[in-house]
1. Would you tell me the mean number of C-beta atoms belonging to other protein chains that fall within 10 Å of each C-beta in B:48-56, as a whole number?
2. Based on alpha-carbon centroids, what's the gap between the range A:39-111 and the range B:1-70 in Å, whole number please?
3. How far is it, in nm, from the label point at A:GLN17 to the one at B:GLU15 when both lie 7 Å from their Cα along the line to the Cβ?
4. Just to be sure I understand the model, the point goes 7 Å from the Cα along the line to the Cβ. What's the resulting B:GLU66 to B:ARG110 distance in nm?
5. Under the classification rounded if a/c is under 1.5, otherwise prolate if a/b is larger than b/c and oblate if not, where does the range B:1-52 fall, given a ≥ b ≥ c as square roots of the Cα gyration tensor eigenvalues?
6. Write down the percent of antiparallel bridges among all DSSP beta bridges whose residues are both part of chain A, to the nearest 5.
7. Taking every alpha carbon pair in the protein assembly as shown, what does the distance histogram look like in 5 angstrom bins from 0, in percent?
8. Averaged over A:105-111, how many beta carbons belonging to a partner chain fall within 10 Å of each residue's beta carbon?
Amino acid sequence: ETGVTQSPTHLIKTRGQQVTLRCSSQSGHNTVSWYQQALGQGPQFIFQYYREEENGRGNFPPRFSGLQFPNYSSELNVNALELDDSALYLCASSFGSGGGDTQYFGPGTRLTVL
Amino acid sequence: AQSVTQLGSHVSVSEGALVLLRCNYSSSVPPYLFWYVQYPNQGLQLLLKYTSAATLVKGINGFEAEFKKSETSFHLTKPSAHMSDAAEYFCAVSLLGSSASKIIFGSGTRLSIRP
């Protein structure tokens with residue numbers, strides 16, 4: 001069974017640029033959630049996708065957007081990058097979108113915005 | 001609104017000593033509660049999950065946590081610390097019956113183990 005994978009591992013961008021992060025769900029999972037973890041803090045919920053539809057969103061501006069594909073892999077897109085977007089971005093997959101469904105996390109993508 | 005408070009950003013114990021990491025939650029409805037561990041430069045790994053089936057929850061690597069509704073607490077314990085337990089630990093809450101499994105994380109507690 002393959003776990004959650006994310007690419008790339010590290011990324012450096014400059015302010016104002018756009019970035020796309022990718023996530024492959026664990027086999028059999030139909031739900032993907034994205035989190036932002038700033039240095040020294042706990043992860044913050046960005047949004048969740050369930051069967052290719054957005055199914056909940058945290059307190060993040062519209063320049064954070066996502067997609068989920070028919071194979072349940074997912075992308076996180078961030079436009080007009082700001083310095084504060086520098087963080088570890090975590091993807092988590094689960095079977096089901098309910099509150100008690102266990103989410104399995106990938107290793108993350110470290111984004112640095114200069 | 002639900003929230004989680006972890007008491008102590010850094011805890012240091014000797015190898016073989018008891019580990020106690022404190023977590024208090026706030027939720028207007030019965031919550032799901034989680035403990036996750038994060039090793040340096042890695043993602044999060046689930047240690048254990050409370051789903052109302054039993055108040056004492058046993059997890060991986062010898063960790064366990066007890067749900068105490070009267071104290072709104074979900075503290076994580078391990079009887080004997082091992083060097084490999086050094087990591088960042090996050091307590092988290094999610095809502096029973098919510099349509100989206102949004103997890104609210106605490107700010108984390110860094111556990112250090114002294115030889």
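1. Working: counts 0, 4, 1, 3, 1, 0, 0, 0, 0.
Average per residue, whole number: 1.
2. What the calculation gives is 22 Å, centre to centre.
3. The modelled label-to-label distance comes out at 4.4 nm.
4. For the pair B:GLU66/B:ARG110, the computed spacing is 3.0 nm.
5. Numbers: a/c = 1.99, a/b = 1.58, b/c = 1.26.
Verdict is prolate for the range B:1-52.
6. On the way: 34 of 38 bridges.
Percent antiparallel among DSSP bridges in chain A is about 90.
7. Over the protein assembly as shown, the share of Cα pairs per 5 Å bin runs 1, 7, 15, 19, 19, 16, 12, 7, 3, 1, 0 percent.
8. On the way: counts 7, 3, 4, 5, 0, 1, 0.
Averaged over the peptide's residues, the number is 3.
No lab work stands behind these numbers, since they all come straight from the coordinates. Please read these numbers as outputs of a predicted model, since none were measured by experiment. Positions of Cβ are generated from backbone atoms using ideal geometry, with glycine treated the same way; all protein chains shown enter the neighbour counts.
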